[in-house]
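Structure first, commentary second.
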Amino acid sequence: MASVIFIFVFIFAGMKFTYKRIWKWLKIITVIYILGGVALYFLQDYLLFHPVTLKKDHNYDFPEKHKDINILINERSNLNIVQFFSTDTVTRGVVLYFHGNKKNISWYAKYPPYFTRHGYEVWMIDYPGFGKSTGKFTERNLYNWADYLYNFAGKRFSSDSIIIYGKSMGTGIAAHLASIKPCKRLILETPYYDFPSLIRQYFPFYPVDWLLHYKMPTNLYIQTVEAPITIFHGTGDRVIRYRNAKRLKKFLKPGDEFVTIKDGGHNDLYKFNETKGKLDSLLSN
């Protein structure tokens, strides 16, 4: 707040403004700042997350073989899972895929073939309020639903055949799950250091640590992940800046990888041969 006022005082100092006019503008700026903070606090879900809901009887028309499952968590919460099946002759394991903050599973359905051709099933969930999933959207519920998905997968797959994958917003969820559950590998695509540091780049003048309802400290979670970790991030990412994700490197253990994709953006990493080649290598082992 002080920095904002200082900037405008500096600007006005070179102008022929009366004291009363300067004071008037400072009051206007202060009111705007406060209103912006109030909006960020109460409307942050609408600013940060962009779900598209679907009717519960909606039928997905994905070309890949899949199964649509709805699980009643409680009277108000329905967990929707789409299972994409392996296209190989054998099933080697499962990828628990946690997607980003946009739309629903349909938006991310183009990615499973990169895994299913290697013999992995891909299980995607929609978060509360996304797609056909219902319930209250909270950070704790995101973690609980991820844990539920893991336990559901554990009925068919051993932990050494479970890969946990997170994209964008889903990286914090994936990292948390891998920090409390054993798995074959944790893969993070375009992750953030933590949610406050991510949001701060858009609202630099606000105390986002106090205002945000979401923390998702990926930096803390990956420090206790025992499984190998692979991170993909592009230098041209304008949604989650490369420098933000790069801060995670210091927490990686020997054998973990931080794969830098030169000029890669937030949603185009799979267009780069380096991404596909590294993923193929990981999934073939």
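The values are calculated or read from the model by the stated rules, or taken from the named source; none is laboratory data. Treat the numbers as computed from the prediction; the structure is a model and nothing was measured. Backbone-built Cβ (ideal geometry, glycine too); neighbour counts: all protein chains shown.
Among the candidates 224, 260, 235, 218, single out the residue that is crowded, with 17+ Cβ neighbours inside 10 Å, in the same structural domain as residue 189 (by TED's automatic domain parsing) and hydroxyl-bearing (Ser, Thr, Tyr).
Working: 224 fails: crowded, with 17+ Cβ neighbours inside 10 Å; 260 fails: crowded, with 17+ Cβ neighbours inside 10 Å; 235 fails: crowded, with 17+ Cβ neighbours inside 10 Å.
From the options 224, 260, 235, 218, the qualifying one is 218.
I'd like the full set of residues that are part of a loop (DSSP other than H, G, I, E, B) and closer than 22 Å to residue 169 by Cβ, limited to the range 44-61.
49, 52, 54, 60
From 206, 165, grab the single residue that is surrounded by 18 or more Cβ atoms within 10 Å (Cβ to Cβ), at pLDDT 95 or above and at negative phi.
Exactly one of 206, 165 is surrounded by 18 or more Cβ atoms within 10 Å (Cβ to Cβ), at pLDDT 95 or above and at negative phi, namely 165.
Yes or no: residue 200 modelled with pLDDT of 95 or more, among the charged types (D, E, K, R) and assigned by TED's automatic domain parsing to the domain that holds residue 118?
No; evaluated as a whole, the condition is false for this residue.
Only residues in the range 177-189 that are closer than 18 Å to residue 220 by Cβ count as the first member; pair them with residues that are part of a loop (DSSP other than H, G, I, E, B), Cβ under 7 angstrom, at least 6 apart or cross-chain, and list the lot.
Pairs that qualify, where the first residue is closer than 18 Å to residue 220 by Cβ and the partner is part of a loop (DSSP other than H, G, I, E, B), are 178/225; 178/227; 179/225; 183/227; 186/225; 186/227.
Going by the conditions given, is residue 188 among the aliphatic types (A, V, I, L, M), surrounded by 22 or more Cβ atoms within 10 Å (Cβ to Cβ), touching a strand residue (DSSP E or B) at 6+ places or on another chain (Cβ under 8 Å) and closer than 25 Å to residue 265 by Cβ?
yes
Out of contact with any strand residue (DSSP E or B) (no Cβ under 8 Å at 6 or more places or on another chain), at pLDDT 95 or above and either outside the structural domain of residue 171 (by TED's automatic domain parsing) or within 22 Å of residue 176 (Cβ to Cβ) (or both): does that describe residue 133?
No, not satisfied.
Looking at residue 159, is it of a type in the set (Gly, Ala, Ser) and under 23 Å from residue 116 (Cβ atoms)?
Yes; evaluated as a whole, the condition is true for this residue.
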